[in-house]
């Protein structure tokens, strides 16, 4: 199944049969003081630099999240999304729990964007899906509902089915709903990642839709988090994830390697070209 | 299924249900000039250092290969195996295509070692299996025969069945045969790794035996080989490999992370303890 998005110029296809699409996650102040300050001080140069750097390191889509306490999210999301989409030619992923902020930002960016996110929660479904439909955008659906995050793969599949059912009832095509099976930190629950891998396999088999995953929650609180994130991405892609939201400077290489090993990169052309194209300067910490 | 080995003191269990066993591969002169010189000059300090360092970084078993042109392998394998097994308490994996060298070395080391390797080739089967049986050792069986490496998972499964059949006929228990499904470099054949992953799944399902994999052939000739090796190990472990022959200084961390993510490490105790226990000095290049 294919989800197509586009930015000012570039068409991006998220494809269940890979290669994997990378959503660059760095324009997000959560736990990032420098980004939080940049947003509060309207230091857009820092944001521009992170946007172009993520593209240079292989991002296919850029996530834009401006959730800082004290910031007017409605105007800030539209402003930052407009700046970023004016700078890069790839699609934007608008990342906010605030329907008013999403509705305003979606009007100022070009192309067909992605909305991050809806869930099986009733209020989310009724607030967010109409915004997705009005713009004919695509949306990430988180496998949780008003009862929280189900503790079984079957429970998360049911939520995914509900989100898709509600979306298609509104006229949003099934291929424009990307399911995020969610992963909790494996340091707190040693079965958390295994459950997510089982959920990926089940959703791929039962629904056939594109599956997105975040690559950093899983390692929270552990030493050498990058290693856990790398292993998790390879395992998730092996299980059937077709889209990852992550830091391309740190993790695009393992994504490219996984595609190569799964037979989606003839003559290793994409893998080799990726390393040849990288900027020569080291990424910022 | 469990394969048990032991060194001077330590019992090691290779278990299809994990956690994954690591065979340290560094005592091997193939493509390693420094090790080749150390062997030719009988610089055993270098070999001792690499033995203890691999154990410190998580090796459960140490491979010993002394294949240098110009060296008398028969006496060298026995000499080096004796030195290494006198220094560490874990089992040794004797690595040689030479039956005479294996037969001599196996007599000077303690415990129950591993022999690397037999294959489906008739001469290998008739030369090597009796040595394994005489010592009640365990053996790695490569999925290739007199016709070469089969191009399909089913073909490699057939060779694995043949090796196990021949071993059990001699009285070697099935659990003492560990199958290596083999992997060719993905730079030359973009389907090579995918085929190995399919072979792992098929052999696990059909035979249930332990599966060993080498982690470095796959990336030959590619840039950023470590990234490809990391992704390949995670994918292989996800598919069912229970033993890897690799460089623990570079790859034990991704093996530990994969075990953690696959639910084999309650409270992440093994993962956290691993990083806490590492030597503070950087590994040698």
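The values are calculated or read from the model by the stated rules, or taken from the named source; none is laboratory data. From a predicted model like this one, the values you see are computed outputs, not experimental measurements. Quick reminder, even Gly has a Cβ in these numbers, built from the backbone with ideal geometry, and neighbours come from all protein chains shown.
Tabulated results
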{"item": "Check on residue B:174, surrounded by fewer than 16 Cβ atoms within 10 Å (Cβ to Cβ) and within 18 Å of the chain's Cα centre (by Cα)", "result": "yes"}
{"item": "Every residue from the stretch A:230-250 that is in a helix (DSSP H, G or I) and surrounded by 24 or more Cβ atoms within 10 Å (Cβ to Cβ)", "result": "A:230, A:231, A:232, A:233, A:234, A:235, A:236, A:237, A:248"}
{"item": "Failed item in (1) closer than 26 Å to residue B:160 by Cβ; (2) surrounded by fewer than 21 Cβ atoms within 10 Å (Cβ to Cβ), with residue B:44 passing the rest", "result": "(1)"}
{"item": "Members of the stretch A:31-65 found to be under 15 Å from the mean Cα position of the chain (by Cα) and outside any helix (DSSP H, G or I), listed by number", "result": "A:58, A:59, A:60, A:61, A:62, A:63, A:64, A:65"}
{"item": "Of all residues in the stretch A:263-280 being assigned to a helix (DSSP H, G or I) and surrounded by fewer than 11 Cβ atoms within 10 Å (Cβ to Cβ), the one that is farthest from the other protein chains (Cβ to nearest Cβ)", "result": "A:277"}
{"item": "Test set (1) surrounded by fewer than 21 Cβ atoms within 10 Å (Cβ to Cβ); (2) within 24 Å of residue B:260 (Cβ to Cβ); (3) free of Cβ contacts under 8 Å to residues at least 12 places away in the same chain - residue A:227 fails condition number", "result": "(1)"}
{"item": "Of residues in the stretch B:212-224 being away from every other protein chain (no Cβ under 11 Å) and either under 15 Å from residue A:253 (Cβ atoms) or buried (at least 24 other Cβ atoms within 10 Å of the Cβ) (or both), the one farthest from the chain's Cα centre (by Cα)", "result": "B:215"}
{"item": "Yes/no for residue A:80 being within 15 Å of residue A:177 (Cα to Cα) and not in a loop (DSSP other than H, G, I, E, B)", "result": "no"}
{"item": "Number of the condition not met by residue A:70 [criteria: (1) on the phi > 0 side of the Ramachandran plot; (2) crowded, with 23+ Cβ neighbours inside 10 Å]", "result": "(2)"}
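For every residue, the table says whether it meets (1) within 10 Å of another protein chain (Cβ to nearest Cβ); (2) in contact with a helix residue (DSSP H, G or I) (Cβ under 9 Å, 6 or more places away or on another chain); (3) at pLDDT 95 or above; (4) more than 25 Å from residue B:275 (Cα to Cα).
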site	(1), (2), (3), (4)
A:210	no, yes, yes, yes
A:232	yes, yes, yes, no
A:239	yes, yes, yes, yes
A:243	no, no, yes, yes
A:254	yes, yes, yes, no
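Yes or no, residue by residue, for (1) surrounded by 18 or more Cβ atoms within 10 Å (Cβ to Cβ); (2) at pLDDT 95 or above:
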site: A:8; (1), (2): no, no
site: A:26; (1), (2): yes, yes
site: A:51; (1), (2): yes, yes
site: A:56; (1), (2): no, yes
site: A:61; (1), (2): yes, yes
site: A:75; (1), (2): no, yes
site: A:79; (1), (2): yes, yes
site: A:92; (1), (2): yes, yes
site: A:114; (1), (2): yes, yes
